[in-house]
Amino acid sequence: MQLVVARIGRAHGIKGEVTVEVRTDEPELRLGPGAVLATEPASTGPLTIETGRVHSGRLLLRFEGVRDRTAAEALRNTLLIADVDPAELPEDPEEFYDHQLMDLDVVLADGTEIGRITEITHLPSQDLFIVERPDGTEVMIPFVEEIVAEIDLEEQRAVITPPPGLIDDSEAIVVSTRDEETAAESAAGASDKDSAEPGKDA
């Protein structure tokens, strides 16, 4: 099975290095020197990683045969794809490959059905589940511990505890403008009453 493990960004320097957007929890395994990766578009690859290093928090790679900035820039936006055994699992039991999470049923803690995972989006700050609801609409669920309480691969489900408004706009907590003004006035009054004058001890 093939999994996207990175996307090539801009060229770095003049010796063929490129920045990469990592899309795997195991970059040391998938993006280490000697790794041979398929690409999308396919005509760009396969690419063999020659060296890798971290610079200013970004992973930099150099590929065999890519020796200058022009060649490196030509690889920009190419997806790097690794062959992975479908039965292989991440070393950390709290981590999952995308293919393990696809099509899981998403339910609340009480069993209420929300939908099923149809896509996983990897953002710099967090991952998102794109969940298709029974009516065909979609909702985005951040894949964070505070919201995704359990991933049960045996039962093929993800149990979530969403905050108000995440999956149902009608549950969102709305504060009226009048309430905000009242709160602001109260806070201002308390501040004037409790604060000391500049240069004097309270």
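Annotations for the structure displayed:
- Hey, residue 9 at pLDDT 90 or above and open to solvent by less than 20 Å² (accessible area, probe 1.4 Å) or not: yes
- Among the candidates 29, 59, the residue that is in a strand (DSSP E or B) and either modelled with pLDDT under 90 or in contact with a His (Cβ under 9 Å, 6 or more places away or on another chain) (or both) is uniquely 59.
- Hits in the range 18-33 (condition: open to solvent by 20 Å² or more (accessible area, probe 1.4 Å) and closer than 16 Å to residue 4 by Cα): 21, 22, 23, 24, 25, 26, 27, 28, 29, 30
- The residue of the range 75-85 that is modelled with the lowest pLDDT, among those that are of a type outside the set (Lys, Arg) and open to solvent by 80 Å² or more (accessible area, probe 1.4 Å), is 85.
- Filter pass, residue 36 being open to solvent by 40 Å² or more (accessible area, probe 1.4 Å), modelled with pLDDT of 90 or more and either farther than 22 Å from residue 122 by Cα or under 18 Å from the mean Cα position of the chain (by Cα) (or both): yes
The values are calculated or read from the model by the stated rules, or taken from the named source; none is laboratory data. The model shown is predicted, which means the values in this text are computed figures rather than measured ones. Because the Cβ atoms are built from the backbone with ideal geometry, glycine has one as well, and the counts that use them run over all protein chains shown. Heads up: the accessible areas ignore ligands, DNA and RNA and are worked out on the full protein's heavy atoms, side chains in. Shrake-Rupley method; radii C 1.70, N 1.55, O 1.52, S 1.80 Å.
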